[in-house]
Amino acid sequence: MAKLSAKKAAQQVKAQVAKASSPVASAEAAGLGVSAASVAGAVGAPTIDTQRIVAHVKKAGAQSKVATAILSVIAALICALLAAIVIYIIGSGAEKAFDIAFLTKPPSQFRAGGGIGPELFNSFYLLVLTLVISIPLSLGAAIFLVEYAPENWITNAIKTAIEVLSSLPSIVVGLFGFLLFVLQMNWGFSIMSGALALTMFNIPILVRVIQQALEAVPRDQRDAGLALGLTRWETTVHILLPCAMPAIITGVILSAGRVFGEAAALIYTAGQSAPALDFTSFDLSSPSCPWNVWRPAETLAVHIWKINSEGVVPDLTAVSNGTAAILVICILAFNLIARFVGRRLSRKLTAE
Amino acid sequence: MPVKSVPSQTTTEAPAKIAQSARIDEPVRLIDRTAMLAEADAISHYAAPVDRTRPAKMSVSGLNLHYGDFHALKDVSLDIPEHQVTALIGPSGCGKSTFLRTLNRMNDLIPSCRVEGSVTLDGVDAYHDLDAALLRCRVGMVFQHPNPFPMSVYDNVAYGPRAHGIRKRAELDEIVERSLRDAAVWDELKDRLDANGCGLSGGQAQRLCIARALAISPEVLLMDEATSALDPISTAKVEDLVVSLKERYTIVMVTHNMLQATRTAQYTAFFLMGEMVEAGSTKQIFEDPHDERTGDYVSGRFG
């Protein structure tokens with residue numbers, strides 16, 4: 001908007017300059033505001049040469065055009081690069097990715113024609129479990145930090161710790177999970193170990209997102225709640241959280257995309273094997289029961305890694321491409337949903 | 001709406017100019033203080049003397065307030081008379097809003113804020129013997145900028161009563177209608193109860209906020225420059241509202257608009273640099289200020 005109107009203004013000035021027959025007239029046309037201001041000003045104040053202003057506006061207009069052109073080229077390059085990556089991945093995996101049999105069949109060990117059914121289910125199951133564990137924890141932490149934490153060194157230490165954790169390499173989180181959950185707790189390679197490792201990976205990001213969302217709620221909303229005789233907790237739950245909800249939901253879905261595509265933290269925690277799943281089984285101790293959280297569970301991202309590093313099936317390139325395409329499509333969908341839901345909710349809240 | 005009168009030296013040539021340039025019914029009142037007071041006398045409760053027999057609804061004594069190292073209120077003592085409108089006037093940064101916010105403990109949440117002295121509501125210590133949330137139920141507040149919740153008009157007004165346990169639809173309907181009527185906005189909004197409160201005009205939103213505050217039947221209503229973000233027509237509506245509400249509520253308002261104080265308030269307190277310089281009937285403060293600084297301020301010589 002601002003760019004556009006600046007352009008327009010520059011064009012108008014140009015047009016006026018072109019129209020005016022004498023340089024004096026053009027100066028007057030373009031510099032009306034300035035001359036009026038100098039007339040109204042104190043007598044003897046330095047007057048501004050309107051010619052110079054016209055020259056400056058012209059020059060600034062040209063500069064603005066060059067800058068806009070450069071920025072547009074950079075933006076176009078980035079978009080083209082992203083589009084190329086996405087199109088290449090989806091394109092090379094399309095044949096498998098849109099094949100129902102590939103999406104539902106279990107992977108095969110040695111022969112061609114294996115699918116990614118269990119991996120697909122495991123990815124979503126792990127994601128849901130991770131969110132179920134990490135959302136309440138992050139909400140609590142963020143609310144405490146924004147609303148209740150006193151300003152002191154402990155609070156600052158916690159905030160710094162969260163920042164550090166959010167940039168922790170995921171392989172480190174994975175190895176920590178391996179030591180703590182897999183070995184120390186003796187849970188083995190299991191969905192539970194994986195979900196907890198992903199929770200550690202996810203919490204710092206979620207806390208920051210929710211913190212920012214809560215801090216962005218205007219102060220007067222908080223005041224309005226308190227002035228109605230609500231307690232601080234009621235104000236937080238009934239006024240701040242609803243106001244911050246669009247931003248929180250957007251943040252949660254975006255972080256879900258990150259968790260969904262995570263491989264390194266899961267290789268050592270949820271394991272690299274996917275037992276065939278029997279969806280009719282509800283025996284929670286059976287490794288073939290899909291809902292059993294103590295069974296090993298390879299996800300889509302781990303499957304890509306594994307099949308490329310130690311796969312022996314003859315169609316491993318096709319399987320890997322297909323899996324990658326599914327992964328990218330899912331993450332794209334998460335992002336689109338996040339934008340859609342966030343926009344819908346904030347429109348509902350602001351009545352536009 | 002002019003915020004203050006212009007110093008008297010300019011009054012001689014100014015009226016003619018204004019009469020020429022703008023269609024204003026009483027151009028004189030914009031600048032001439034005597035005329036301003038006369039007009040205020042005629043149209044308002046200005047002349048009504050403070051009823052000294054009424055007990056003080058709220059009483060503040062020896063109030064000192066610090067924000068960290070900054071001494072924001074210095075030994076302020078003031079009685080708020082019941083069922084009267086009390087105006088707090090003074091230049092920006094003089095502590096009048098801070099004072100207002102101590103009356104319902106809205107400063108409690110500011111970590112560096114320290115309050116000493118006593119504030120009582122009906123003789124009960126508001127800081128030690130009353131719960132903050134309970135105090136705020138009895139001492140409601142309207143803010144400078146309209147701050148409706150991002151929900152429907154109905155839900156905005158019903159918010160307080162619901163939070164305090166009223167769930168029956170019929171009861172809520174009644175409260176919503178009564179509050180909106182009291183806030184003089186029922187006729188404009190009765191067909192738009194489902195509309196989002198954030199989509200209203202500034203004046204309607206502010207009266208909605210007043211209705212929201214009235215819905216929990218407070219005893220005292222604090223208004224923090226409640227009309228400063230409104231156009232003159234909406235301001236007039238809110239002022240009329242204040243005058244009509246004083247029968248049932250005790251009102252304390254912070255205002256930068258001297259005319260507003262003369263039109264609506266029986267009682268006026270003048271603040272300057274954290275001190276309460278002078279308090280008295282509005283007529284006395286504006287016509288016969290005892291303190292020179294009050295005189296300078298109300299006649300527009302500074303601030």
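The values are calculated or read from the model by the stated rules, or taken from the named source; none is laboratory data. Here the structure is a predicted model, which is why all the values come from computation and not from measurement. Glycine also receives a Cβ, built like all others from the backbone with ideal geometry; neighbour counts cover every protein chain displayed. Only protein heavy atoms, including side chains, enter the accessible area calculation; ligands, DNA and RNA are left aside. Shrake-Rupley method; radii C 1.70, N 1.55, O 1.52, S 1.80 Å.
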Task: Counted residues, segment A:186-230 - those being at the interface with another protein chain (Cβ under 8 Å from one of its Cβ atoms) and either under 14 Å from A:L175 (Cα atoms) or open to solvent by 60 Å² or more (accessible area, probe 1.4 Å) (or both) - done: 1
Open item on the list: Between A:G44, A:G91, A:G31, which is of a type in the set (G, A, S) and modelled with pLDDT of 75 or more?
Closed with: A:G91
Task: Filtered residue count, segment A:145-179, keeping only those that are surrounded by 15 or more Cβ atoms within 10 Å (Cβ to Cβ) and either out of contact with any helix residue (DSSP H, G or I) (no Cβ under 8 Å at 6 or more places or on another chain) or among the aromatic types (F, W, Y) (or both) - done: 3
Open item on the list: Can you confirm whether A:I239 is crowded, with 23+ Cβ neighbours inside 10 Å and within 25 Å of A:K159 (Cα to Cα)?
Closed with: yes
Open item on the list: Residues that are modelled with pLDDT under 90, open to solvent by 50 Å² or more (accessible area, probe 1.4 Å), in a helix (DSSP H, G or I) and among the charged types (D, E, K, R): does segment A:251-271 have at least one?
Closed with: yes
Open item on the list: When you check B:V115 against the structure, is it within 20 Å of B:M223 (Cα to Cα) and of a type in the set (V, I, T), yes or no?
Closed with: no
TODO: Being closer than 25 Å to B:Y154 by Cβ and either within 14 Å of chain A (Cβ to nearest Cβ) or over 9 Å from the mean Cα position of the chain (by Cα) (or both) is the filter here, so list the residues in segment B:234-255 that pass it.
DONE: B:S234, B:K237, B:V238, B:D240, B:L241, B:S244, B:L245, B:R248, B:Y249
- [ ] Report yes if some residue within segment B:156-170 is at pLDDT below 90 and away from chain A (no Cβ under 14 Å); otherwise report no.
- [x] yes
TODO: For residues that are over 22 Å from the mean Cα position of the chain (by Cα) and within 15 Å of A:I133 (Cα to Cα), tally how many sit in segment A:182-219.
DONE: 3
Open item on the list: Among the listed residues A:V86, A:V54, identify the single one that is part of a helix (DSSP H, G or I), within 30 Å of A:N321 (Cα to Cα) and modelled with pLDDT of 65 or more.
Closed with: A:V86
TODO: Please work out if B:V119 is open to solvent by less than 20 Å² (accessible area, probe 1.4 Å), within 14 Å of chain A (Cβ to nearest Cβ), among the hydrophobic types (A, V, I, L, M, F, W, C) and at negative phi.
DONE: no
Open item on the list: Just to be sure before I move on: is A:I248 more than 14 Å from chain B (Cβ to nearest Cβ), buried (at least 17 other Cβ atoms within 10 Å of the Cβ), modelled with pLDDT of 90 or more and touching a Ser or Thr at 6+ places or on another chain (Cβ under 8 Å) in the structure I sent?
Closed with: no
TODO: Answer yes if at least one residue in segment B:132-150 is open to solvent by 30 Å² or more (accessible area, probe 1.4 Å), more than 11 Å from every other protein chain (Cβ to nearest Cβ) and of a type outside the set (S, T, N, Q), and no otherwise.
DONE: no
Open item on the list: Restricting to segment A:95-118, count the residues that are of a type in the set (D, E) and either buried (at least 19 other Cβ atoms within 10 Å of the Cβ) or assigned to a helix (DSSP H, G or I) (or both).
Closed with: 1
- [ ] Only residues that are within 11 Å of chain A (Cβ to nearest Cβ) and at pLDDT below 90: list them for segment B:201-216, please.
- [x] none
Task: Long-range neighbours under 9 Å by Cβ, at least six apart or interchain, first residue free of Cβ contacts under 8 Å to residues at least 12 places away in the same chain within segment B:108-128, second open to solvent by 40 Å² or more (accessible area, probe 1.4 Å) and acidic (D, E) - done: B:P111/A:E151
Open item on the list: Can you find a residue that is within 14 Å of another protein chain (Cβ to nearest Cβ), within 18 Å of B:F270 (Cβ to Cβ) and at pLDDT 90 or above anywhere in segment B:64-81?
Closed with: no
Task: Criterion violated by B:T98 - all others in (1) polar (S, T, N, Q); (2) surrounded by fewer than 21 Cβ atoms within 10 Å (Cβ to Cβ); (3) assigned to a helix (DSSP H, G or I) satisfied - done: (2)
- [ ] Go through segment B:117-164 and count every residue that is assigned to a loop (DSSP other than H, G, I, E, B) and among the hydroxyl-bearing types (S, T, Y).
- [x] 1
- [ ] Give segment A:119-139 a look and list any residue that's under 19 Å from A:Q211 (Cβ atoms) and open to solvent by less than 40 Å² (accessible area, probe 1.4 Å), or say none.
- [x] A:L131, A:S134, A:S138
Open item on the list: Can you tell me how many residues within segment A:273-298 are in contact with a Phe, Trp or Tyr (Cβ under 8 Å, 6 or more places away or on another chain) and surrounded by 19 or more Cβ atoms within 10 Å (Cβ to Cβ)?
Closed with: 5
